[in-house]
Every structure is written in structure tokens, then in C-alpha cells.
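This report concerns only the one structure given below.
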Amino acid sequence: MAGLNGKVALVTGAGQGVGQGIALALASEGVAVAVTGRTRAKLDATVKLIEARGGRALAVALEVKDAAAISTCVDTVVRELGGLQILVNNAQEVPLGTLEQVSDEAFSAGWESGPLATFRLMKRCYPHLKGDGCIINLGSPAAKRWDMSGYGAYGAVKEAIRQLTRAAACEWGKDGIRTNCLLPLANSPAMDWWTRERPEESAAFIATVPQQRVGDCEQDIGRLVVALCGDDCRYVNGQSIAADGGQAFLG
């Protein structure tokens, strides 16, 4: 993809699943990738996968609910990799359950790890992204379900991220920063948990996907991030894009 070779990306929650798939796809285009997350062993595994393909990567342990840790992380990435042009906000603790079941603590964790962390990272990275930057925030097609029973808290934090995305696109477009929101349906650890713990519900949902399959973290989700960050999508800004085989309707 033209225009990505030599750039630097920071991807949160990159030790597994969608975050790892995005990191691998970006690295395949010559992007130096800082992979962040709470579990160092998972980050090191992602780095090894990238390096095995000839790419360049840096593991940075990060708790996204910690504002000071976010600041330190960004400083480390810029210092070690020489700049920052791409930010991918993927990390998210998921508060699942009915409104009566979700605790204040679970909802707060979802808020702090999702929209609040996204807000902090975007602001902290802004000075480095100016001129030729791209932000990809991760929403969820689960927030577009017609029946939100059991998904209200999760949908609420994910929809907040979509609004932050739109605001950043409108406010920072003049600064050469594009911001878009991706809503993926992917074969991630979260999907594995869902299919294992709620087999009937997950099977019924997957049956509504027009393409009749769940996306691959790297080939379906990561490659779309590559496209959105590349020159071919230089006029795409402020959009919410579902990568879910056609299941969600965003109209």
C-alpha cells in the first residue's frame, strides 16, 4: 500500500486478536509497530511474529486506564521508533450483561479502557500526528443490534468512541489528521469466548451475516486498516465503517 513504508504506528491491545492482526498487517507494509497491552508475554509473541516476517516492532507494556502510563508510552514510542504517524485504539474491557447484571465497576472499567483511553491517547498523540497522521478507533457492530438486551453497557462505551472519532475528524482534519472508526466482526479471543459460552446466541447471530463467516483478524480487519491509513483513502475522514460481512446496517 503506497505511502506506509517507513511510518510508525502505535496499536493498543496488540497482544492478541484484532489488535495483533492489525499490527501484523501494518508491519507487512513496512510500518514500524509499537504493540501495547497489559501482558508482556503476549506482546513479545506479537513482536516475534512481526520480526519473523522481516518487520520492525517494539513491545510496550501499557495499562490504558492509567493516564500517566499513556503519556510515558507515547514518549517511549516516539523516542525508540523515531516518530508516530498512525494510532490504533483497539484495547477495550468488555462490560457484558443486562443492565441489572453489569456492576458499576465493570461499567467504569469499560468506560476507562474504551472511550476515556481513546480520548487520552488521541490528545497525547495529536502533536506527533499533525501533518500526516491517521487514527483508527475500534467500535463494535454489537452497538448496532436491534435488540440491545445484554449489550447496553458495551454498546454505550463503543458508541462514545464513535462520537469521539467524529469530533476528532472535524477538529483535526485541517491539521492533516484523518480519523475513522472501524466496527469489526472477527475471529478474536472475545469471539471464541462468545461461541463457547453462548453457543446458541452466537450461532444465531453468525447466521445473520450475509457472507456466512466471521472475519480473519489480519486478512479481513488488518488489511482494511492498511487501506484506510494508505494514500488511496486520503479523502476518507470521520467515517464509521463496519467490517462484518454485511451484518450491521449503519444507516
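The values are calculated or read from the model by the stated rules, or taken from the named source; none is laboratory data. Since the structure is predicted, the reported quantities are computational estimates derived from the model, not experimental observations. As a convention, Cβ positions derive from the backbone with ideal geometry for all residues, glycine included, and neighbour counts pool all protein chains shown. Note: accessible area is taken over every heavy atom of the protein model, side chains too, but ligands, DNA and RNA are not part of it. Shrake-Rupley method; radii C 1.70, N 1.55, O 1.52, S 1.80 Å.
The table for this structure:
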quantity: Looking only at the stretch 159-179, and only at residues there that are within 23 Å of residue 113 (Cβ to Cβ) and of a type in the set (Lys, Arg), the one that is most open to solvent (accessible area, probe 1.4 Å); calculated: 166
quantity: Which listed residue is among the polar types (S, T, N, Q), at pLDDT 95 or above and farther than 24 Å from residue 42 by Cβ, from 103, 113; calculated: 103
quantity: Boolean, residue 58 is touching an Asp or Glu at 6+ places or on another chain (Cβ under 8 Å) and either over 21 Å from residue 222 (Cα atoms) or at pLDDT 95 or above (or both); calculated: yes
quantity: Boolean, residue 181 is touching a Gly at 6+ places or on another chain (Cβ under 7 Å) and not in a helix (DSSP H, G or I); calculated: yes
quantity: Total residues in the stretch 78-129, condition hydrophobic (A, V, I, L, M, F, W, C) and either in a helix (DSSP H, G or I) or open to solvent by 70 Å² or more (accessible area, probe 1.4 Å) (or both); calculated: 15
quantity: Subset of the stretch 131-150 [more than 13 Å from residue 244 (Cβ to Cβ) and open to solvent by less than 10 Å² (accessible area, probe 1.4 Å)]; calculated: 133, 134, 135, 136, 137
quantity: Complete set of residues in the stretch 32-48 that are β-branched (Val, Ile, Thr) and either free of Cβ contacts under 8 Å to residues at least 40 places away in the same chain or open to solvent by 10 Å² or more (accessible area, probe 1.4 Å) (or both); calculated: 33, 35, 39, 46, 47
quantity: Those residues of the stretch 1-31 which are crowded, with 24+ Cβ neighbours inside 10 Å, assigned to a strand (DSSP E or B) and touching a Gly at 6+ places or on another chain (Cβ under 8 Å), in sequence order; calculated: 11, 12
quantity: Cβ-Cβ under 6 Å pairs, at least 6 apart or on other chains, the stretch 198-218 side closer than 17 Å to residue 186 by Cβ, far side part of a helix (DSSP H, G or I) and of a type outside the set (A, V, I, L, M); calculated: 202/194; 202/195; 217/17; 217/21; 218/21
